[in-house]
Amino acid sequence: MSSQTEQVRRTTVPQIARRKGGEPIVSLTSYHAHTAAIVDRHADFILVGDSLGMVMHGMESTVGVPLELMIMHGRAVVRGTKKALIVVDLPFGSYEESPSVAFRNAARVMKETGCGAVKLEGGARMAETIRFLTERGIPVMAHIGLTPQSVHVMGGFKTQGRQEAEWEPHMADARAVTDAGAFAVVLEGMVEPLAAKITAGIAIPTIGIGASVECDGQILVLEDMLGLNPWTPKFVKVYGQLGPMIEDSVKRYAEEVRARTFPTEDQVYR
């Protein structure tokens, strides 16, 4: 008898949306095919974040990331994966001008990468754009709290909600993106009680990054949790020390090349 390999199906936007209040949603960023293939075996969705500007290209913030760069990395991640939903960030300047401009750029991202959804920053001020996109077939993940694309307005990467008097605008943002049709919302850099209150008060999943275990899911920058960056924020748990491992490997390689002990017979063609 012949056996057929069961086809692997990608996680869909409705499947993520239905996880509200259920099993926690697992997510990480990825920017290239080989790491995405590893993450794909364990994550529910993978975010091709505009954080790639800082992590991969040495930028000081995400503000300078162009749309073409997001598309290039988005293609790589889609090619390297089979199971996870792929969400691609819309970079600064690609969606704020108007809903129609946002649609044009979001549609381009989806068509040219093959991703399943886009993410954009902003709460109530972007609700009209989120509604415009979702009504035209583009799934949107929202992002509120600490929004890195607004770092110059915020005056730096500052924790949100330190004072309870500051909570209502964030809660209003969460309600606005939910009502506009976002299927999930990232809560970044937010104090735990505020994140918990938002999570309990809206009907879509919240994805925390520096927003506590009370969220419906979590996301981290892959390179941060692998110890590849010299500095990590307070909310990051480092699960591996790949930075020192890579440096040790490069050091030993350099020493062997200089000593003419590499390549050996095992690496030479005869």
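Values as computed for the structure displayed
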quantity	calculated
Output for region 201-235, where each listed residue is at pLDDT 95 or above and of a type in the set (Val, Ile, Thr)	ILE202, ILE204, THR206, ILE207, ILE209, VAL213, ILE219, VAL221
Residue satisfying condition, being in contact (Cβ under 8 Å) with a residue 12 or more places away in the chain and buried (at least 24 other Cβ atoms within 10 Å of the Cβ), within set MET70, MET56	MET70
Those residues of region 189-198 which are more than 19 Å from the chain's Cα centre (by Cα) and either under 18 Å from GLU121 (Cβ atoms) or among the acidic types (Asp, Glu) (or both), in sequence order	GLU192, LEU194, ILE198
Pick from region 13-38, criterion among the β-branched types (Val, Ile, Thr) and open to solvent by 50 Å² or more (accessible area, probe 1.4 Å), ranking: farthest from MET70 (Cα to Cα)	VAL26
Residue in region 156-164 that is closer than 16 Å to PHE235 by Cα and touching a strand residue (DSSP E or B) at 6+ places or on another chain (Cβ under 6 Å) present	yes
Identity of the residue in region 62-80, assigned to a loop (DSSP other than H, G, I, E, B) and under 15 Å from the mean Cα position of the chain (by Cα), that ends up farthest from PRO205 (Cα to Cα)	VAL65
When residues of region 50-61 are limited to those that are assigned to a loop (DSSP other than H, G, I, E, B) and of a type outside the set (A, V, I, L, M), the one nearest to ALA142 (Cα to Cα)	ASP50
From ARG10, ARG41, residue being open to solvent by 40 Å² or more (accessible area, probe 1.4 Å), in contact (Cβ under 8 Å) with a residue 60 or more places away in the chain and among the charged types (D, E, K, R)	ARG10
Members of region 212-270 that are open to solvent by 90 Å² or more (accessible area, probe 1.4 Å) and in contact (Cβ under 8 Å) with a residue 24 or more places away in the chain	LYS234
Within region 174-270, helices (runs of 4 or more DSSP H) holding 2 or more residues that are small (Gly, Ala, Ser)	192-201, 242-258
Any hit, region 159-167, residues being modelled with pLDDT under 95, open to solvent by 10 Å² or more (accessible area, probe 1.4 Å) and assigned to a strand (DSSP E or B)	yes
Search result, residues across region 96-116 that are more than 14 Å from ILE130 (Cβ to Cβ), among the small types (Gly, Ala, Ser) and open to solvent by 40 Å² or more (accessible area, probe 1.4 Å)	GLY114
When residues of region 199-248 are limited to those that are under 21 Å from TYR31 (Cβ atoms) and among the polar types (S, T, N, Q), the one nearest to the chain's Cα centre (by Cα)	GLN218
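Each row is one residue, and each column tells you yes or no for (1) in contact with a helix residue (DSSP H, G or I) (Cβ under 6 Å, 6 or more places away or on another chain); (2) modelled with pLDDT of 95 or more; (3) under 23 Å from ASP216 (Cα atoms); (4) of a type in the set (Gly, Ala, Ser).
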{"site": "MET1", "(1), (2), (3), (4)": "no, no, no, no"}
{"site": "LYS20", "(1), (2), (3), (4)": "no, yes, yes, no"}
{"site": "ILE46", "(1), (2), (3), (4)": "yes, yes, yes, no"}
{"site": "LYS111", "(1), (2), (3), (4)": "no, yes, no, no"}
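The values are calculated or read from the model by the stated rules, or taken from the named source; none is laboratory data. Bear in mind that the values here come from a model prediction, so they are computed numbers and not experimental data. Every residue, glycine among them, receives a Cβ derived from its backbone with ideal geometry; neighbour counts consider all protein chains shown. Accessible surface is based on the protein model in full, side chains and every heavy atom, while ligands, DNA and RNA are left aside. Shrake-Rupley method; radii C 1.70, N 1.55, O 1.52, S 1.80 Å.
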